[in-house]
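I have placed the structure first, in the form of structure tokens, so that the comments after it can refer back to it.
The values are calculated or read from the model by the stated rules, or taken from the named source; none is laboratory data. What you are looking at is a predicted structure, and each value in this text was computed from that prediction instead of being measured. Cβ: placed from backbone, ideal geometry, glycine included. Neighbour counts: every protein chain shown. Note: accessible area is taken over every heavy atom of the protein model, side chains too, but ligands, DNA and RNA are not part of it. Shrake-Rupley method; radii C 1.70, N 1.55, O 1.52, S 1.80 Å.
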Amino acid sequence: EAANLLSHSSDKILPAIAIGLFAGLRRSEIGRLEWSQVNFKHEHIEVKASSFKSPARRLVPMRNNLRQSLDPYRQRNGPVMPTAMIYRSRLSSARKAAGIEKWPHNALRHSFASYNLAAFENAPALSGEMGHVSIKMIFQHYRALVLQKDAESFWSITPLAKGKSKA
């Protein structure tokens, strides 16, 4: 579903979707994220505490598939995501085109957490990346939801061309 969603996403929202899927930021965090906070040189995304729900600033690593997904859209500044109205409209279109009917709140973030825990088996690191103050939430919500082989497929999703991806 993740690869299918990315392949049906417009260029306007693909970076925001990729960040939700492969960095686990909340939709509200992505909505306030600026390109200047996406550090390609050091391969992380800076989530500032003053702007977001998390109690402290955090640096979220950019894994290879996220970096590859963002490279074609890379900018020096400006918002990563278009207005909320444009994002919602285009996400709805992409979901319909991809055949995805059910869409829970912060679905991208929850997918990130489930696949991350299954692939990397490091709850403390995942908790830090997500901005949680303890690992308790990780174990309560994301443990054993995804098989490791499926997680490996998820983390191998890369773009084919601008706006397109493969699993």
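Please work out the Kirkwood hydrodynamic radius for the chain, using every pair of different C-alpha atoms, and report it in angstroms with one decimal place.
The answer is 15.9 Å.
Run through every distinct alpha carbon pair of segment 72-133 and return the Kirkwood hydrodynamic radius in angstroms, one decimal place.
14.3
Starting from the Cα gyration tensor of segment 1-98, take the square roots of the eigenvalues, sort them a ≥ b ≥ c, and report rounded, prolate or oblate (rounded when a/c is under 1.5, otherwise prolate if a/b is larger than b/c, else oblate).
Taking the square roots of the gyration eigenvalues as a ≥ b ≥ c, segment 1-98 is prolate.
May I ask you to give the percent of accessible area on segment 1-138 that is carbon plus sulfur, with a probe radius of 1.4 Å?
49
Can you give the charge dipole size of the chain about its Cα centre, rounded to the nearest 20 debye, using +1 on the beta carbon of Lys and Arg and -1 on the beta carbon of Asp and Glu?
The calculated dipole for the chain is roughly 420 debye.
Give the relative contact order (percent, whole number) for segment 1-107; include only Cα pairs under 8 Å separated by 6+ residues.
Computed over segment 1-107, the figure is 38 percent.
Take GLU34 and HIS141, extend 7 Å from each Cα along the Cα→Cβ direction, and tell me the distance between the two endpoints in nm.
About 2.8 nm separates the two model spin labels.
Between TRP103, ALA123, PHE22, whose Cα lies farthest towards the positive end of the dipole of the chain when Lys and Arg beta carbons carry +1 and Asp and Glu beta carbons carry -1, centred on the Cα centre?
Farthest along the dipole direction, towards plus: TRP103.
Heavy-atom accessible area per residue, the chain, 1.4 Å probe: how many Å²?
Value for the chain: 52 Å² per residue.
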